[in-house]
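The values are calculated or read from the model by the stated rules, or taken from the named source; none is laboratory data. Only a predicted model underlies this, so the values are computations on that prediction, with no experimental measurement involved. Ideal geometry is used to build each Cβ from the backbone, glycine not excepted, and the neighbour counts take in all protein chains shown. For the accessible areas, the whole protein counts, side chains as well, though only heavy atoms, and no ligand, DNA or RNA atoms are used. Shrake-Rupley method; radii C 1.70, N 1.55, O 1.52, S 1.80 Å.
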Amino acid sequence: MCPHCGNPADTKQVLATDTPPSFLATTKEAEVGKRRRWIPSNRLVWISAITTGAFVVLILLFLLVAHIQPTNPFIQKTEKVVDFFYGIIQPVQNIPNFITESISRIQEVGGTKDQQVTQIREKTVYSPASDIINAIKIVLTNLFESEKQIDVLSGKEEIVQPSQQKLIQQKPVDPLAPITEVGGGTIYPLQRINLWGYQFYTTQIPSQNVDIGSQKKQTIARILGNIKFPTRLTNDLAFAFVDPANVSQNDYLTIPWAGNKMASVYQVKDGGFQYVLNGGVIYINSTQNYNLNSILTHELGHRIGQQLTSEEWSRYYKLRGIPGGTPQQIENWALSPAEDFAEVYKHIMSGEAIKTNYGIFVPSGSFDTGECSILFNELTRKYLEKNPPAESYMYSVAQMEEAGASANIDPAVQKCRREKNGPGLFGGVAYVGSVDENTKKFIAEILTHLSEQ
């Protein structure tokens, strides 16, 4: 019989007093473990409270944004609002699954509380809090993400929402449409033309589209071909048809051969030439009934004169009787050497009269009918008296022409004709400029040289 066996009273006393310490510890932990099985309930309460609080905060945040920015296009769009709520509700919907999974895992885990928490953290992959944070980031990014667009004219940056940015990118841009500046001026582009072996630029001012039309383009190319204008000189040349009454001092042209730099627009009466680096712009008044051939040929003469060297200009001065040291361009149009060169070029190419005051002025008709006719006739008579006929009292036709030519080039006659040039007896002007053979030969040499380059 074992030493501990006896009556039931003895047995109870032994259990109460002599139970091994290890057995009692195990029994207590088991009892504590039974009580700790309810601890996850407190944890789940905290998780639910935190999740609900985060959800409420997000709702308040959204309402605050809608109040501060009521015109925000993203707030106003229904689909954005739906995406906002869906992005938050989606992770919240997974919370019940997370709770069920957590309870089952806690029940399966043994050991101390710290061991349970550690093992649960290691095994749990899903985190509703992280999903909610990611959802917030995505929604806020979609709400407030914007792109910066630089205003080319003002240099200022403008905030453009993504949806607006897409519309801007999809909107077609007309390369021939002028650009209106903030200050009221307008920038007009140039249209490049390739026609019949010539390349040049055209534009019209003012306009909603700078295309001048097929007829004018063909007229320009036809004139260039008729006078055999050097093709390389039109690559940096523009023809601008302008209404001077509707041109502002803030209007500009973009010049391709000058790196798209801008040049001010001229207000012309008939035509004009603007020097722009190594090229130029020919302006034509689009409101007048003009002789386009005459205007263009004169202005094209400026393009030729632009190519002359200093030595060539000096030679031209001597041929035309221009005083040395005279600036090429002066305010007096009739005495401007540059304008005279353009007039001489026009005369040679089209046969039209020269309107500048250099060179030799001759009667516009077959004989002198102007105020200087008396002086001309007197000089002619004196010449004949000094050179009488050798064998008779009658002068030959050749002698009469020689006497008239001598009187024509007399400085006194030329001065009179320039200063008193007025209406002729049969209409028009009484005197017109002429070009001698040496000047014509000089111009021909220049044109040949430019065409060969």
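Structure values in brief
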quantity: Solvent-accessible area per residue, Å², over segment 367-414 with all protein chains present [probe radius 1.4 Å]; calculated: 70
quantity: Residue list for segment 368-405, given a label point 7 angstrom along the Cα-to-Cβ vector of ALA353 and an amide N cut-off under 12 Å; calculated: 369-370
quantity: Listed peptides 402-410, 326-334 by packing density, highest first (mean Cβ within 10 Å); calculated: 402-410, 326-334
quantity: Full-extension gain in nm, SER48 to GLN306, via 0.36 nm per residue minus C-alpha separation; calculated: 84.2 nm
quantity: Positive minus negative residues near GLN329 (Lys, Arg vs Asp, Glu; Cβ under 12 Å); calculated: -3
quantity: Per-selection metrics, segment 286-436 (Cα): Rg and Dmax in Å; calculated: 17.9, 64
quantity: Pairwise label distance in nanometres, ALA258 with GLU402, each label 7 Å out on the Cα-Cβ vector; calculated: 5.6
quantity: Cα pair count fraction exceeding 17 Å, expressed as % - segment 373-432; calculated: 46
quantity: Protein accessible area in segment 302-374, 1.4 Å probe - carbon and sulfur %; calculated: 52
quantity: Cα-Cα over 27 Å, subset of LYS228/LYS261; LYS261/LYS318; LYS261/LYS346; LYS228/LYS355; calculated: LYS228/LYS261; LYS261/LYS318; LYS261/LYS346
quantity: GLN218 versus LEU335: modelled label distance in nm, points set 7 Å from Cα along the beta carbon direction; calculated: 4.6
quantity: FRET E, pair ASN278, GLU391, Förster distance 56 Å, beta-carbon r, rounded to 0.05; calculated: 0.35
quantity: Spatial extent of segment 209-258: Rg and Dmax, with the Cα atoms as the point set, Å; calculated: 13.3, 36
quantity: Approximate spin-label separation VAL56-GLN328, in nm, with each point projected 7 Å along Cα-to-Cβ; calculated: 8.5
quantity: Using alpha carbons only: equivalent-ellipsoid semi-axes of segment 208-346, gyration tensor based, whole Å; calculated: 26, 17, 16
quantity: Segment 182-272, accessible surface, carbon-and-sulfur percent (1.4 angstrom probe); calculated: 43
quantity: Globularity ratio of segment 281-349, using Cα Rg and 2.2 N^0.38 Å; calculated: 1.17
quantity: Order by protection proxy (mean Cβ within 10 Å, highest first), peptides 207-215, 259-267, 295-303; calculated: 295-303, 259-267, 207-215
quantity: Förster radius 25 Å - calculated FRET efficiency between ASP270 and GLU371 (Cβ-Cβ, nearest 0.05); calculated: 0.35
quantity: Sites ASN235 and LYS441, calculated FRET efficiency, Cβ-Cβ separation with R0 25 Å, nearest 0.05; calculated: 0.35
